[in-house]
Amino acid sequence: MGEAPAFVVDELQNGNENGFSLKVKDCETAITVRDKTYVIGGSDEESTLSIRVRIFDEATEHWVIPTVLGTKPKVCKGYSAVLLDDDRILIINKGSAPDDCIWFLEVDTNFVRENRKKLGTEVVAWSKGVTGNAEKPIVISGPSGVGKGTLIAMLMKEFPSMFGFSVSHTTRAPRAMEKDGVHYHFTERSVMEEEIKDVKFLEFASVHGNLYGTSIEAVEVVADAGKRCILDIDVQGARSVKASSLEAIFIFICPPSMDELEKRLRARGTEVEEQILKRLRNAKAEIEQGQSSGIFEHILYNDNLDKCYENLKKLLGLDGTTVASQKSIQEINLPEDHSISKADNKIIIKCGTPEPQQAAKSLIVLDVSALKGGAPARTRGLNVYAIDSFSDSLNGINELS
């Protein structure tokens, strides 16, 4: 149990006491976890494709191609790997961009075990590693006409640098003036169905023959920008998010009464009687679910817009005179030439031959003691620091050993 040598598996061959031998390739690496060896990598010819994973089961002496969940990293020039707590492998992609070099391959986390049981196959899951933490996303639900859109607009106007919306996916065609990636992520139905199958969506629904949904990646992109994501979704969507791995704050906005809600809907003057009655029927059902389902930790009554908005800010900790902006997520800048080792909850990265002006910074340390989240979303909480001098390097090594 532990880290295997940095060999690479090409194919099974006869020749040793176990009936097989391992051939080495520069573009792959392998880690042994109990009786399974996870082979991670890809070939140079596949540089535009995602990284692949294969498993050799020593108990059965058979290769297994697992179901791979989560967003996969792209193939790069090479990999370093170290095992963390027998349930995930930390991967450093050599030569990758600073914001794309740290990944986690989960091999026995709760998420992996649940999906292994559900799918009846071997499962692994990728999660991108990110330094720092992000505020929990905010899920806001409520019936049509309750004023939740107005409350969100007020929040975005007062705190424009703190909040952001995720961009939803849809399989319908774009309308005039709609831009891909701005109004929606427009995609093919077959692609979206495959991504739903791969657990890449928090919630989705079929509306008039088209799929709509919120992807995990869309929410994480907002957090990567140092902002807090707001999700404006219905109760059914909130139920799906609640059942997912995403940790969020769930808020339901209620009208003071059904009579008041009806007045607001009629005051719009945008819908015929049949549409108003349908919205009222749906609203009654949504309110019942919102109040009794256990999905929502907080229920706000919008009997007075300004008062409701103040209560929303207080709930989110925004009622003070000053608001500290959220710290942007840091990037990790690692050289292509490096070696990696582990001491307790710290990963020690020894840089290769540094540039003269960087000679004092020969060690980089990844502190993994405060990791949060995980597949199919980000793994956050990495703390990265350099040891700045030769004497500090010696002290640091002694402390980490």
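The values are calculated or read from the model by the stated rules, or taken from the named source; none is laboratory data. Note that the structure is predicted; figures quoted are calculated from it, not measured. Using ideal geometry, Cβ is built from the backbone for each residue, glycine included, and neighbour counts are taken over all protein chains shown. Accessible surface is based on the protein model in full, side chains and every heavy atom, while ligands, DNA and RNA are left aside. Shrake-Rupley method; radii C 1.70, N 1.55, O 1.52, S 1.80 Å.
Any lysines with Cα under 30 Å of the Lys278 Cα? List them, leaving off those in the same chain fewer than 8 positions away.
Lys148, Lys242, Lys263, Lys307
Which parts of region 173-188 would a label at Val221 reach, counting a residue when its backbone N lies under 11 Å from a point 7 Å out along Cα-to-Cβ?
Answer for this model: 180-186.
Given Lys197/Lys342; Lys118/Lys346; Lys94/Lys117; Lys179/Lys200; Lys74/Lys157, which pairs have Cα atoms separated by over 32 Å?
From Lys197/Lys342; Lys118/Lys346; Lys94/Lys117; Lys179/Lys200; Lys74/Lys157, over 32 Å: Lys197/Lys342; Lys118/Lys346; Lys94/Lys117; Lys74/Lys157.
Bins of 5 Å, beginning at zero and ending with the bin holding the largest distance: percent of Cα pairs per bin for region 143-257, please.
The calculated distribution, bin by bin, is 2, 11, 19, 22, 22, 15, 7, 2, 0.
Between Asn133 and Glu158, how high is the FRET efficiency from 1/(1 + (r/R0)^6) when r is the Cβ-Cβ distance and R₀ = 25 Å? Nearest 0.05. Spell out each step's value before the answer.
Details: r = 23 Å, r/R0 = 0.93.
Rounded to the nearest 0.05, the efficiency is 0.60.
In nm, to one decimal, how far is the Ser293 label point from the Asn383 one, both placed 7 Å along Cα→Cβ?
With each label placed 7 Å out from Cα toward Cβ, I get 3.9 nm.
How high is the FRET efficiency from Phe165 to Glu58, r the C-beta distance, R0 56 Å, rounded to 0.05?
Details: r = 48 Å, r/R0 = 0.86.
Between Phe165 and Glu58 the formula returns 0.70.
Ignoring ligands, DNA and RNA, how do Cys308, Cys351 rank by accessible area with a 1.4 Å probe, largest first? Let's see the in-between values first.
Working: Cys308 0, Cys351 20 Å².
Highest to lowest solvent-accessible surface, that is Cys351, Cys308.
State, to one decimal in nm, how far the label point of Ser369 lies from the label point of Asp99, with both points 7 Å from Cα in the Cβ direction.
Simple spin-label model gives 2.9 nm for this pair.
Placing +1 at every Lys and Arg Cβ and -1 at every Asp and Glu Cβ, with all other atoms neutral, what dipole size does region 91-130 have around its Cα centre, in debye to the nearest 20? List each step's numbers first, then the result.
Numbers: 6 positive and 6 negative charges, 31 e Å.
Approximately 140 debye in magnitude.
Stretch Asn345-Gln275 to full length: gain in nm at 0.36 nm per residue minus the Cα-Cα span?
Numbers: separation 70, 0.36 × 70 = 25.20 nm, distance 5.83 nm.
Going from the current span to full extension adds 19.4 nm.
What distance in nm separates the two pseudo spin-label positions at His208 and Leu119, each 7 Å out from Cα along the beta-carbon direction?
Modelled inter-label distance: 3.5 nm.
Could you order Trp126, Trp63 so the one with the most accessible surface comes first? Probe is 1.4 Å.
Reading off the accessible areas and sorting them downward yields Trp63, Trp126.
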